[in-house]
Amino acid sequence: MFSNESEAFPPYALQGPLGGSLSKDALFGGPAFTPDIVMILRQRYTYGQFENCTKEHTQRIVDHIFEEMNAIGDISFTRTTNFIMEVNPDLDVASAERIARTELGVLMKIASDLDWAKDDPTGTRYKYKMLGPSDNRTCDAHLILEQWQGEGKSKPELIAMIDELRRRYFPKMEPRSPFFLHPNERHRPVRHIRSGEYGDWG
Ligand SMILES: [Zn+2]
């Protein structure tokens, strides 16, 4: 159902059941990386030295992610993970995936927030929610968020819930982007289109 998300769904009009059916790339890819957004991302995206990477490794990885964004308007978990391992062959797959998941997640969340603000500046026109797998790796904070958010909330309400859970479960964590609960997050923010807004998609 989500195998060709960008073609099968209008931008961010994701509907469908929660669960593990999203591919890793579908979790992070998206049509939000337009040139105007990439320009703002360059200013807002801040990062430290990545886990078990040198400064030089970190810079090459960041440059590569932005090159892809500029070239094809997208990011890819798989390609980024592979590139990280190419740049730093000492890393194991799990570490490379953790870096990719965290950094692409931060970028995707900033980009989505900017993209959605274009036609919903207050975040109250549509409903927003965090979508991701519920399995034995899902943390308590995300399980609670799943209950709290229900079928979706306004953007300010959703962000307030995430802030509350981050303070409760990860009190030392700085939010690096809107919708940020913790690093290595498998959940992405999605926007619900109101019934009828996209015809049969409602
Ligand atoms: Zn979690």
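The values are calculated or read from the model by the stated rules, or taken from the named source; none is laboratory data. Note that this is a predicted model, so its numbers are computed, not measured. So basically every Cβ, Gly included, is an ideal-geometry build from the backbone, and we count neighbours across all protein chains shown.
Things worth noting here:
- Matching residues in segment 159-185 - criterion: being among the aliphatic types (A, V, I, L, M) and either out of contact with any Phe, Trp or Tyr (no Cβ under 7 Å at 6 or more places or on another chain) or near the ligand (Cβ under 9 Å from one of its atoms) (or both): A160, L165, M173, L181
- Those residues of segment 147-180 which are modelled with pLDDT of 95 or more and of a type in the set (A, V, I, L, M), in sequence order: L158, I159, A160, M161, I162, L165
- Qualifying residue in segment 45-54 (condition: at pLDDT 85 or above, over 18 Å from the mean Cα position of the chain (by Cα), β-branched (V, I, T) and over 28 Å from H192 (Cα atoms)): yes
- Listed by first and then second residue, the pairs with beta-carbon distance under 6 Å, at least 6 apart or on different chains, first residue in segment 131-144 and farther than 17 Å from L158 by Cβ, second within 10 Å of the ligand (Cβ to nearest atom), are P133/R186.
- Within segment 81-119, being under 18 Å from M173 (Cβ atoms) and β-branched (V, I, T) holds for I99, T102, V106, I110.
- Residue match in segment 79-100 (condition: within 16 Å of E185 (Cα to Cα), within 16 Å of the ligand (Cβ to nearest atom), touching a residue at least 24 places away in the same chain (Cβ under 8 Å) and not acidic (D, E)): yes
- Test for K118: is it under 15 Å from the mean Cα position of the chain (by Cα) and not aliphatic (A, V, I, L, M): no
Results for (1) part of a loop (DSSP other than H, G, I, E, B); (2) within 11 Å of the chain's Cα centre (by Cα), shown as yes or no for each residue.
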residue	(1), (2)
L104	no, yes
M108	no, yes
T122	yes, no
A141	no, no
R176	yes, no
R191	no, no
